[in-house]
1. If I ask for residues that are in contact (Cβ under 8 Å) with a residue 40 or more places away in the chain and open to solvent by 20 Å² or more (accessible area, probe 1.4 Å), which ones from segment 194-215 would you list?
2. Might you check whether a residue that is within 23 Å of the chain's Cα centre (by Cα), at pLDDT below 80, of a type in the set (Gly, Ala, Ser) and open to solvent by less than 70 Å² (accessible area, probe 1.4 Å) occurs anywhere in segment 274-293?
3. Working only within segment 245-271, note down all residues that are of a type in the set (A, V, I, L, M, F, W, C) and either open to solvent by 20 Å² or more (accessible area, probe 1.4 Å) or closer than 26 Å to Ser86 by Cβ (or both).
4. Can you pull out every residue in segment 216-239 that is under 21 Å from Asp264 (Cβ atoms), open to solvent by 30 Å² or more (accessible area, probe 1.4 Å) and touching a residue at least 40 places away in the same chain (Cβ under 8 Å)?
5. Scan segment 320-338 for residues that are more than 24 Å from the chain's Cα centre (by Cα) and either free of Cβ contacts under 8 Å to residues at least 12 places away in the same chain or under 17 Å from Thr213 (Cβ atoms) (or both) and jot them down.
6. Within 21 Å of the chain's Cα centre (by Cα) and exposed (fewer than 15 other Cβ atoms within 10 Å of the Cβ): which single residue out of Glu242, Glu317 fits that description?
7. Looking at Ser83, is it in contact with a strand residue (DSSP E or B) (Cβ under 9 Å, 6 or more places away or on another chain) and either at pLDDT below 75 or surrounded by fewer than 17 Cβ atoms within 10 Å (Cβ to Cβ) (or both)?
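The values are calculated or read from the model by the stated rules, or taken from the named source; none is laboratory data. Source: prediction; values computed, not measured. Cβ placement follows ideal geometry from the backbone for every residue including glycine, while neighbour counts extend to all protein chains displayed. Only protein heavy atoms, including side chains, enter the accessible area calculation; ligands, DNA and RNA are left aside. Shrake-Rupley method; radii C 1.70, N 1.55, O 1.52, S 1.80 Å.
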Amino acid sequence: MTQDALMYIIIAAVVVVVLAIAVPLFVSSARKRSKITYDGPRDANDPAPVPGGAPEDQAEQGGDVVVLEADPSGVEVIETVPSAPSLERPEPVQGRLARLRARLSKSNNVLGKGLLALLSRERIDEDVWDEIEETLLSADLGTDATDDLMLQLRARVKVEGSRTPERVREILGEELLALVDPDMDRSLATERVDEKPSVILVVGVNGVGKTTTIGKVARVLVAEDKDVLLGAADTFRAAAAEQLATWGSRVGVPTVKSDQDGADPASVAFDAVKAGVDQEVDVVLVDTAGRLQNKTNLMDELGKIKRVIEKQAPVREALLVLDATTGQNGLSQAKVFSEVVNITGIVLTKLDGTAKGGIVVAMQRQLGVPVKLIGLGEGPDDLAPFDPRAFVDALLD
């Protein structure tokens, strides 16, 4: 081997050694520089710039930072996960009751104020008693309840003789409270039993605001620290499931629904209750399609939904949503529903303005079922448990 060839071999060996040392140092330096944000022009394939700089800066600005593994080019990709939207905090029940009472007392109710005016007259003859009876009937109190109240008022006015405004108010308040029946159990069954959630089935005819009412009931339960799940078994009305899911998402309540239009409502209800059992929630609220009580096949389907649900857990409550402005017509609806699903309570909506408070008494007397919740407005928290004493006081204010 010549001296020139030996020299070339030595030079080549030196170059290899130098490259072996320099390349790792260069790659390490490149990785450090890759964390610097570049705001200049980018190719379509370049990773998107990370706003706010380094992960530490991102943490200060809000949002969770996730650092993924380095890609083959040696560049770390930093992603920012947006913070979850803040949930609404439902109004506590006691605050609702005070506000609803104030609103009811300001409404144009003929039951309390009309009777007070008549009973406070200096002389109560048969003509006045006829006016009192007419006032009671026009307030949707019902014939039986009106007859009972008339007998009690006549007897007490005759015996006591005093008709001062204060005493008349006391007498009328006592008799109205007796009609409303404060001893009825108006509590909602919301406790877990045998390690299963309480299932509340909500029914009603079209147009009474049933889905909206379920969303408001969920808010009442969330305000009481209950873990709630919604079941969107109204698969006939367009967008009913999305409407219910929107109500739930506002307070962090999940909704079980079908992605198919016209899906079997009993199947959706079954899946919702099964999810409630698996997730160990406190309450499952199941929405159903609005039904006309004279449609036999639809009512039969409602009975099927209840039977299917009870393969997973018993239906603890069946709430009937009624519009207070429908008056006596709501009674015929309630009777048919009670034959199919054994109604345990009534939710009376729109009990303000033109509504007549006597419908509360009529519903309870004819069905033997208590009014458990009342609604007095369009706001999300304008629904509260029914308090008989507060209701009567508001009528007479």
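1. Scanning segment 194-215 gives Glu195, Lys196, Asn206, Gly207, Gly209.
2. Yes; the residues of segment 274-293 include at least one that is within 23 Å of the chain's Cα centre (by Cα), at pLDDT below 80, of a type in the set (Gly, Ala, Ser) and open to solvent by less than 70 Å² (accessible area, probe 1.4 Å).
3. Within segment 245-271, Ala245, Trp247, Val251, Val253, Val256, Phe270 meet the criteria.
4. Phe236, Arg237, listed by residue number.
5. Answer for segment 320-338, where residues must be more than 24 Å from the chain's Cα centre (by Cα) and either free of Cβ contacts under 8 Å to residues at least 12 places away in the same chain or under 17 Å from Thr213 (Cβ atoms) (or both): just Asn329.
6. Just a single option satisfies the conditions, and that option is Glu242.
7. Considered against the rule, which asks whether it is in contact with a strand residue (DSSP E or B) (Cβ under 9 Å, 6 or more places away or on another chain) and either at pLDDT below 75 or surrounded by fewer than 17 Cβ atoms within 10 Å (Cβ to Cβ) (or both), Ser83 comes out as yes.
Residue-by-condition table, conditions (1) β-branched (Val, Ile, Thr); (2) out of contact with any His (no Cβ under 6 Å at 6 or more places or on another chain); (3) within 23 Å of Asn329 (Cα to Cα):
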position	(1), (2), (3)
Thr146	yes, yes, yes
Asp183	no, yes, no
Pro197	no, yes, no
Gly204	no, yes, yes
Gly209	no, yes, yes
Val220	yes, yes, no
Lys226	no, yes, no
